[in-house]
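Notes to accompany the following structure.
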Amino acid sequence: MPASLPVAWITHAECRRHEIAPDHPESPRRLAAIEDRMIACGYADFMQQHEAPEARYEDLARVHNGAHIEHILSLRDTGTVRHDIDGDTAVTEHTVAAALRAAGAGVLGVDLLLEGRTSLAFCAVRPPGHHAERTRAMGFCYFNNVAVAAKYALSRGLERVAVLDFDLHYGNGTADCFLNEPRALLLSTYQHPLYPYWSGVLHAQNLVDVPLKPYTDGPAFRAKVVEHWLPALEAQRPQMLLVSAGFDAHLADPLGDLRLQYGDFQWLGTLIRDIAAVTAQGRVLATLEGGYDLTALARSVESFLTPFVGGDELPA
């Protein structure tokens, strides 16, 4: 059955203006492909449309240190491409505005969830965020969008949150932000070895890392999630689930070698929806991370949303 409340779709035009280079995989075309698919499959008609606000300084400061925030903000008015961070994470004239909207989307989503106005807040934003650490940007990421949302949820009075990250790449930034934070559980699946070459942290009780070998397929992936994620979620009983929704584990994605298919993302959506219904009053916030084959990305987002919007049937 679909969730009883409508999905909130949170985005902003600034997120489509940030572009590092025409051939860069983290492209404005990603959002265009997703939004076109939402219209084509009819889901756009059943979602609340919201414009993402800019994240406030205090929202960012719960996650990042002042030096990092000030450095990124100081680049807001740059008129040319500046490679101040790394070769893949440059800053253009629209980057900072987009990053602020991407981080602010999650804050709005938390408010909508806590006010009972939505069943799922889906943040269709870019740049992504889960590689951004407390003190540095990296890996296409400037501010850690899901961490900003999770910290904000805790500041609003929640006592336990869980972040579920199924991106192809490990969310090292989210781990850095929440390492040994007893109120936050981080569950991750990711291809290993692969950027950022995460090797884990011994005795980090709140990190549940599930490295996957190249060419891992859907059945093996599902078995790992059931084995490792479900016991941790049952023990923590989070009051909100926040999802780093990366779709680059799809078999068509050019940046990795995992072999997930559309049905696996629908299965994840169903699992997350059902867990949230039991422990978190149905509250789920998802923010877009990776996914670089445009067709696979758009259809994977549709598949993930199907349990929340369309029930259990995946449209043709």
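The values are calculated or read from the model by the stated rules, or taken from the named source; none is laboratory data. Because the structure is predicted, anything quoted here is derived from the model rather than measured. Virtual Cβ from ideal backbone geometry, glycine too; neighbours counted across all protein chains shown.
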| field | Qualifying position, being in contact (Cβ under 8 Å) with a residue 12 or more places away in the chain and of a type in the set (Gly, Ala, Ser), among Ala40, Ala8 | value | Ala8
| task | Would you check which residues across the stretch 95-131 are out of contact with any helix residue (DSSP H, G or I) (no Cβ under 8 Å at 6 or more places or on another chain) and charged (D, E, K, R) and list them? | result | Asp111, Glu115, Arg117
| task | Taking only the stretch 218-250 into account, find how many residues are touching an Asp or Glu at 6+ places or on another chain (Cβ under 8 Å) and of a type outside the set (D, E, K, R). | result | 10
| query | Among the residues of the stretch 70-110, how many are in a loop (DSSP other than H, G, I, E, B), surrounded by 13 or more Cβ atoms within 10 Å (Cβ to Cβ) and not β-branched (Val, Ile, Thr)? | reply | 7
| query | Which pairs do you get when a residue that is of a type in the set (Lys, Arg), found in the stretch 280-309, comes within reach of a residue that is assigned to a helix (DSSP H, G or I), reach meaning Cβ atoms under 9 angstrom, with the pair 6+ apart or on two chains? | reply | Arg283/Val110; Arg283/Leu113; Arg283/Leu114; Arg283/Ala153; Arg283/Ala276; Arg299/Arg37; Arg299/Tyr262; Arg299/Phe265
| How many of the residues making up the stretch 37-88 are among the hydroxyl-bearing types (Ser, Thr, Tyr) and modelled with pLDDT of 95 or more? | 2
| Taking the stretch 1-29, which residues are closer than 15 Å to Leu297 by Cα and touching a helix residue (DSSP H, G or I) at 6+ places or on another chain (Cβ under 7 Å)? | Pro28, Arg29
| query | Within the stretch 200-219, how many residues are at pLDDT 95 or above and surrounded by 14 or more Cβ atoms within 10 Å (Cβ to Cβ)? | reply | 10
| field | Residue that is farthest from the chain's Cα centre (by Cα), among those in the stretch 38-68 that are farther than 28 Å from Met138 by Cβ, in a helix (DSSP H, G or I) and among the aliphatic types (A, V, I, L, M) | value | Ala40
| query | What residue, among those in the stretch 159-182 that are charged (D, E, K, R) and not in a strand (DSSP E or B), is nearest to Leu60 (Cα to Cα)? | reply | Asp176
| request: Only helices (runs of 4 or more DSSP H) wholly contained in the stretch 198-316 count here; list those with 2 or more residues that are closer than 20 Å to Asp36 by Cα and touching a Cys at 6+ places or on another chain (Cβ under 6 Å). | output: none
| remark: Flagged in the stretch 30-69 as in contact with a helix residue (DSSP H, G or I) (Cβ under 6 Å, 6 or more places away or on another chain), surrounded by fewer than 17 Cβ atoms within 10 Å (Cβ to Cβ) and farther than 17 Å from Leu100 by Cβ, in numbering order, are Ala44, Phe46
| What are the pairs, 6+ residues apart or on separate chains, where a residue within the stretch 107-132 that is within 23 Å of Ile275 (Cβ to Cβ) has its Cβ under 6 Å from a residue that is of a type in the set (S, T, N, Q) and buried (at least 24 other Cβ atoms within 10 Å of the Cβ)? | Leu112/Thr118; Cys123/Thr287; Gly129/Asn144; Gly129/Asn145; His130/Thr174; His130/Ser244
| query | Somewhere in the stretch 141-154, is a residue under 13 Å from the mean Cα position of the chain (by Cα), part of a loop (DSSP other than H, G, I, E, B) and crowded, with 24+ Cβ neighbours inside 10 Å? | reply | yes
| task | Look at the stretch 1-13 and say how many of its residues are in a loop (DSSP other than H, G, I, E, B) and small (Gly, Ala, Ser). | result | 2
| field | Filter result (part of a loop (DSSP other than H, G, I, E, B) and surrounded by fewer than 20 Cβ atoms within 10 Å (Cβ to Cβ)) within the stretch 14-29 | value | Arg17, Glu19, Ala21, Pro22, Asp23, His24, Pro25, Ser27, Pro28
| Which ones in the stretch 116-139 are surrounded by fewer than 22 Cβ atoms within 10 Å (Cβ to Cβ), closer than 20 Å to Arg56 by Cα and not basic (Lys, Arg)? | Thr135
